[in-house]
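Here is the structure we will look at.
The values are calculated or read from the model by the stated rules, or taken from the named source; none is laboratory data. The structure presented is a predicted model; accordingly, all values stated were derived computationally and were not measured. All Cβ positions, glycine included, derive from the backbone under ideal geometry; neighbour counts span all protein chains shown.
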Amino acid sequence: YGSGSISGIMSNEGCSRQNSVSQGLREWHIPYDELDKGQVIGHGRFGTVYSGNWHGQVAIKELHMEHGNDQCTLEAFKREVSTFRKTRHQNLVLFMGACMKLPRLAIITSLCKGSTLYKHIHILKDKFTLSVTINIAQQVAQGMGYLHAKGIVHKDLKTKNIFYENGKVVITDFGLVNLTRLCRNARVGSWLSIPAGWLCYLSPELMRSLQASSPQPAALPHTTWTDVYAYGTVWFELLCNEWPHKGLPPEAIIWQVGRGIKPSLAHLQASRDVKDILMECWAYKPEDRPDFASLQKLLDKLPKKKLARSPSHPIHLSRSAEC
Ligand code: ATP
């Protein structure tokens, strides 16, 4: 991933287009000094997330920028953040503002107190009942449907970006994947760099567009349909407490998914309707995948009573692996 790849968002033309964006964002500017920064919550591709205080508890996502003092980087940052302003939904993290003064760029959101679905499923090994599983899936579909209605593609929907606390789902990091282009660790040389747990969410068309020369998630042709594919993987994780493709090396996953081979569901003890949702989200052709409004209807119709898995063992998939 070379510097040429970011020229699009950092060109002069791009810079001048930003003037109106900058004006609209002024009211969302939060002076860095006003933040009472607390403990580090974690590190991600973009930088470091802190808990903190700014008129109440907040999460502070501080970016490690590649070109820390570059005016065009700032404008590109503003353009990416500006999508946040449009979002107000109970299943989406609340955007409160951003520090938009170089060299400190940060995004301030509400602080999610629960655990991510990733932690519930893969670390805590929590087993949700079918009715809770369906309810979580419905809330994710609601948030995603809202984003798509606003013209926003998430581009990085995964269980790590979905918080769950006291029965409520909160989706984070929508649209932020573009910021990886600006971040310090974006350049990795001419090999394919695969963030842990990322491949399982990539649709066949995204798999086929992976190239060693442009491996960054932001460089891929994401669409609303690729979000739906990723949603299918979230649904799989919720049902099976596992990753799809468990045990397969990355190159085998890329080859299989790219050619339209889906993980076997033979051992998933679930009703036909439950599996059908999975298969529809994972449809090879993007246009065969349902939109989130249709998904909500399909989820509504599911019987919520019986937990469709073997009591002692969640699910046995013949070919499944951590990816
Ligand atoms: P990646 O960068 O690959 O997406 P990630 O999702 O772990 O990985 P970040 O989104 O930067 O990386 O998050 C770092 C940590 O901060 C994670 O543990 C994440 O759950 C946590 N986190 C992110 N946003 C919030 C938030 N609004 N409230 C509470 N914790 C958060």
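One table, with the values for the structure above:
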item	result
Of all residues making up segment 126-145, the number that are more than 16 Å from the ligand (Cβ to nearest atom) and under 27 Å from residue 52 (Cβ atoms)	1
Of all residues making up segment 176-216, the number that are surrounded by fewer than 20 Cβ atoms within 10 Å (Cβ to Cβ), more than 12 Å from the ligand (Cβ to nearest atom) and at pLDDT 65 or above	6
Criterion: modelled with pLDDT of 95 or more and of a type outside the set (Asp, Glu) - qualifying residue of 223, 129	223
Yes/no for residue 83 being modelled with pLDDT under 90 and either among the hydrophobic types (A, V, I, L, M, F, W, C) or farther than 28 Å from residue 148 by Cβ (or both)	no
Of all residues in segment 100-125 being modelled with pLDDT under 95 and away from the ligand (no atom under 13 Å from the Cβ), the one that is nearest to residue 200 (Cα to Cα)	105
Subset of segment 78-102 (residues that are of a type in the set (A, V, I, L, M) and either assigned to a helix (DSSP H, G or I) or closer than 14 Å to residue 179 by Cβ (or both))	81, 98, 100
Of the criteria (1) at pLDDT below 75; (2) surrounded by fewer than 21 Cβ atoms within 10 Å (Cβ to Cβ), which one residue 255 fails	(1)
Hey, residue 75 within 16 Å of the chain's Cα centre (by Cα) and in a helix (DSSP H, G or I) or not	no
Hey, residue 78 modelled with pLDDT of 95 or more, away from the ligand (no atom under 15 Å from the Cβ) and either crowded, with 18+ Cβ neighbours inside 10 Å or not aromatic (Phe, Trp, Tyr) (or both) or not	no
Segment 226-238 residues that are closer than 15 Å to residue 263 by Cβ, paired with ones that are among the charged types (D, E, K, R) and outside any helix (DSSP H, G or I) (beta carbon under 6 Å, 6 or more apart)	none
Subset of segment 97-111 (residues that are within 20 Å of the chain's Cα centre (by Cα) and surrounded by fewer than 19 Cβ atoms within 10 Å (Cβ to Cβ))	110
Subset of segment 147-167 [over 15 Å from the mean Cα position of the chain (by Cα) and away from the ligand (no atom under 13 Å from the Cβ)]	149, 150, 151, 166, 167
Scope segment 25-63; condition more than 13 Å from the ligand (Cβ to nearest atom) and touching a Phe, Trp or Tyr at 6+ places or on another chain (Cβ under 9 Å); matching residues	28, 30, 34, 35, 36, 37
